[in-house]
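Below you'll find the structure, written out as structure tokens, and then a few comments.
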Ligand SMILES: C[S@@+](CC[C@H](N)C(=O)[O-])C[C@H]1O[C@@H](n2cnc3c(N)ncnc32)[C@H](O)[C@@H]1O
């Protein structure tokens, strides 16, 4: 059994990716209502802090998804049993939830090639080594790929007789607005074969009070996660954000159908990025939107599947129906 780690992440010198980060920060901070896209938070440290979020008791997307995977692991195994399979875990992080399934697949002696893909090289590297310590001499083979989603998918070994099963868990789809999520799913469909499966986690619309509680934990982990972006901008772009001058708060916006986290400037201040010859002014209590998590109804889940070429196989819910892991088949 083999355990490999491939790092496709570019070095930290000037490259197109740094260019994308720089442009996204400058565009976002130049807007009249300052707004930065969620993907900027995820470097190695951002991904580590997200793992702390997954352990919060009121962060229902993770609590519910753990329940779904524990309850329905046999149902998922039944879908794939009898076939050699590649399980591709997009945005795996530390794969805390996927491991519930891996444990079960190995106990059931299923032949699985597990391929976690994540932009955080640190997360994938430590995942591969922890899987190696646990699963040596079992039916599990692992190839971890540190890369952006689609670059990683292109690097997945094409094994002719193996079906692919893509996991996209954690409501990560909700970090994109609806048109971007549709575009993402169409690109995913294009990169898969007829008959391949996907399982996608959607956080379902529910009482906004529960949503508020999930994104404003008293321990302050969400604040740490969002303020990490200021650290990243300081480190990568030489800015001079003083983190203690900002606080985070997240709330549901009924117009956008997303929980939107904002970082608020507690005082009037100016942030400088001398290397780029830019500065950005903040009024006291002005906010920057740093994260959004779009919520879905079941009609929207079904529509986004059908509109992008997938056939629905099964919806797996938690006992409160707060979250769904929806399993689809690629139809070509
Ligand atoms: C919301 S977390 C979900 C983690 C895990 N799947 C779970 O369910 O707990 C999103 C993960 O996707 C990764 N990620 C974000 N943008 C990415 C991209 N463009 N390509 C690859 N991975 C990405 C992050 O590093 C992070 O680990």
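All of the numbers you see were taken from the coordinates with simple rules; none came from a lab. The structure presented is a predicted model; accordingly, all values stated were derived computationally and were not measured. Here the Cβ is made from the backbone with ideal geometry for all residues, glycine too, and neighbour counts use every protein chain on show.
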Direction-averaged shadow area of the convex hull around the Cα atoms of segment 1-106, nm²?
10.0
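Compute the Kirkwood hydrodynamic radius of segment 147-283, taking the inverse of the mean of 1/r over all pairs of distinct Cα atoms, and give it in Å to one decimal. Write down the numbers at each step before the final one.
Working: mean 1/r = 0.0545 Å⁻¹.
By the Kirkwood definition, the hydrodynamic radius is 18.4 Å.
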Share of antiparallel DSSP beta bridges in the chain, in percent to the nearest 5?
55
Overall dimensions of segment 280-332 as given by Cα atoms, namely Rg and Dmax in Å:
17.8, 54
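For the chain, calculate the relative contact order in percent as a whole number, restricting contacts to Cα pairs under 8 Å that are 6 or more residues apart. Display every interim value, and only then the final one.
Numbers: 624 pairs, mean separation 69.6, N = 332.
Across the chain, relative contact order equals 21 percent.
Which whole number in µm²/s is D for segment 52-191 by Stokes-Einstein, with the Kirkwood Rh taken over Cα pairs at 20 °C and 1.002 mPa s?
Reported coefficient: 136 µm²/s.
Using Cβ counts within 10 Å as a stand-in for footprinting exposure, how do 132, 219 rank, fewest first?
Working: 132 17, 219 13.
So the residues, fewest neighbours to most, are 219, 132.
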Could you please state, rounded to a whole Å, how far the C-alpha centre of segment 302-320 is from the C-alpha centre of segment 64-92?
15
Rounded, prolate or oblate: pick one for segment 125-226, where a ≥ b ≥ c are the square roots of the eigenvalues of its C-alpha gyration tensor, a/c under 1.5 means rounded, and failing that, prolate if a/b is larger than b/c, else oblate.
oblate
Helix 60-80 versus the longest principal axis of the chain: what angle, 0 to 90°, nearest 10, using Cα atoms?
20
With the crude spin-label approximation of a point 7 Å out along Cα→Cβ, what separation in nm comes out for residue 319 versus residue 130?
2.7
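Please state, rounded to one decimal and in Å, the Kirkwood hydrodynamic radius that the chain gives when every pair of distinct Cα atoms enters the mean of 1/r.
Details: mean 1/r = 0.0481 Å⁻¹.
It is 20.8 Å.
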What residue among 44, 78, 318 shows peak mean-square fluctuation when the chain is described by a Gaussian network model with Cα springs under 10 Å?
78
Most exposed to least, judged by fewest other Cβ atoms within 10 Å, 31, 97 sort to 31, 97
How long is the gain from residue 279 to residue 194 if the chain were fully straight, where each residue apart is worth 0.36 nm and the alpha carbon distance is subtracted?
25.6 nm
Could you state the angle between the C-alpha long axis of helix 16-30 and the longest principal axis of the C-alpha atoms of the chain, as a value from 0 to 90 degrees rounded to the nearest 10?
50
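Computed from the mean reciprocal separation of all distinct C-alpha pairs, what Kirkwood hydrodynamic radius does segment 36-78 have, in Å? Don't jump to the answer; show the numbers that get you there.
Values: mean 1/r = 0.0822 Å⁻¹.
So the Kirkwood estimate lands at 12.2 Å.
Report the FRET efficiency, 1/(1 + (r/R0)^6), for residue 39 and residue 19, where r is their Cβ-Cβ distance and R0 is 25 Å, rounded to 0.05. Write out the running numbers ahead of the final one.
Numbers: r = 15 Å, r/R0 = 0.58.
After rounding, the FRET efficiency stands at 0.95.
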To the nearest 10 degrees, how steeply does helix 98-107 sit against the main Cα axis of the chain, on a 0 to 90 scale?
20
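Counting only C-alpha contacts under 8 Å and six or more residues apart, can you give the relative contact order of segment 1-127 as a whole percent? Don't jump to the answer; show the numbers that get you there.
Numbers: 102 pairs, mean separation 33.5, N = 127.
Contact order relative to length: 26 percent.
Would you order 178, 4 from fewest to most other beta-carbon atoms within 10 Å of each residue's own beta-carbon? Let's see the in-between values first.
Values: 178 17, 4 13.
Listed from fewest to most nearby Cβ atoms, that is 4, 178.
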